[in-house]
Amino acid sequence: MTTDTITKATASAPAGETVLDARGVTMRFGGLTAVRSVDLTVRSGEIVGLIGPNGAGKTTFFNCLTGLYIPTEGEVRYKGTVLPPKSFKVTAAGIARTFQNIRLFSNMTVLENVLVGRHTRTKEGLWSALLRGPGFHKAEAASRKRAMELLEFVGLAGKADHLARNLPYGEQRKLEIARALASEPGLLLLDEPTAGMNPQETRATEELVFAIRDMGIAVLVIEHDMRFIMNLCDRVAVLVQGEKLVEGDSQTVQSDERVIAAYLGEPFEGAPGAEEAEEVARAEAAAEATAAETEAETGAQARTETEATGAGATADGTTAAVADSDADTDADSDSDSDSDSDGGSGADAPAAPHADAPEATADADTGTGTGTGTGTAQASGTRKEND
């Protein structure tokens, strides 16, 4: 895996205190484990990347960090304090995020969207807002001032009164970042901030993230654009099938063969889920071997039956041929015998006596032999005439 390197706009800020400390975070949905025992730390002034193939569990891990999901196992600490399992309390504690799919109030203005993000930093309550006392007006003015500063920071101050839905896609992404920054976070989570952007917009987002880091805000970012990640991040962690595969600087991650194999979809030794995959492969191989043996046995049996049938057919043919030959011989013999009987005289070939011969002999005196014993009658008649 290679990326084109460009010089970072600003030098990496020195890492300070630990802002995020996630230990053994596991998230299960029924029988499916989406995230398994993931450890990750982020320090102030640091940009950390979280990468991995689609379905690796990156956004699920983000949801566990921000209170949208309650982890099945493990804990998440922000500046040493375990975070409560409520997203609004996590935001109040100091963690803000953007989403993979932009979530803006499309029918509100750009400025109003940023003001929504200020609600966790406003001390005035409901009654103050309803009564609109001096404290409320003062807090509102401070919020509007800060919101405009953030719009200036992301380059949208000139469109403060525009409806959010009328902004181009890249500017909607910037507006979402400005709204997240409005809560004054110590840690900003960005979920695919450059998705759908052209190269110029991606470069502008990169510069914006560096500027956020220079404000002292730690950044944890999910992204599929490897050039963006490798140019931007101080450290990169790789998730594969819900488990952390490797963590290190960009050079270490880029040169790791396991990471390359994971992105190419190739199996590798020690990969998460490899044992299950090997068991499946062994089961499939055993099934194929059994099928091959069965097929071989069936083929051998079929060949044996075919050979036996052929041998039987040959034997039957030989027997039939012999029988036909004998029949032909007998027929020829009978034909010759008949010829001799019909063509010879009574003296040379007297006919064999027949059971009905007396009747024929009796008729022979008149010279009219008929019925059975015809040959004898004819012979007797002949002799009578000769006499």
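Here's the yes/no breakdown for (1) among the aromatic types (Phe, Trp, Tyr); (2) closer than 27 Å to THR41 by Cα; (3) not assigned by the TED database to the domain that holds GLY52:
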{"position": "ALA164", "(1), (2), (3)": "no, no, yes"}
{"position": "ALA178", "(1), (2), (3)": "no, yes, yes"}
{"position": "ALA195", "(1), (2), (3)": "no, yes, no"}
{"position": "PHE210", "(1), (2), (3)": "yes, yes, no"}
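Inside the range 16-81, counting only strands (runs of 3 or more DSSP E) that do not spill past its ends, which hold 2 or more residues that are touching a Phe, Trp or Tyr at 6+ places or on another chain (Cβ under 9 Å)? Can you show your working first?
On the way: elements: 18-29, 32-43, 47-51, 73-78.
Because the criterion is at least 2 residues that are touching a Phe, Trp or Tyr at 6+ places or on another chain (Cβ under 9 Å), the strands (runs of 3 or more DSSP E) in the range 16-81 that meet it are 18-29, 32-43, 47-51.
Residue-by-condition table, conditions (1) on the phi < 0 side of the Ramachandran plot; (2) at pLDDT 90 or above; (3) out of contact with any Leu (no Cβ under 6 Å at 6 or more places or on another chain):
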| site | (1), (2), (3) |
| --- | --- |
| ALA56 | yes, no, no |
| ASN63 | yes, yes, yes |
| GLU73 | yes, yes, yes |
| ALA92 | yes, no, yes |
| ALA96 | yes, yes, no |
| ILE102 | yes, no, yes |
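Where the second residue is among the acidic types (Asp, Glu) and surrounded by 16 or more Cβ atoms within 10 Å (Cβ to Cβ) and the first is assigned by the TED database to the domain that holds PRO193 and lies in the range 62-79, which pairs have Cβ atoms under 7 Å and are six or more apart or on separate chains?
PHE62/ASP191; ARG77/ASP21
The values are calculated or read from the model by the stated rules, or taken from the named source; none is laboratory data. Owing to the predicted nature of the structure, the values given are computational and were not obtained by experimental measurement. Positions of Cβ are backbone-derived with ideal geometry, glycine not excepted, and every protein chain shown enters the neighbour counts.
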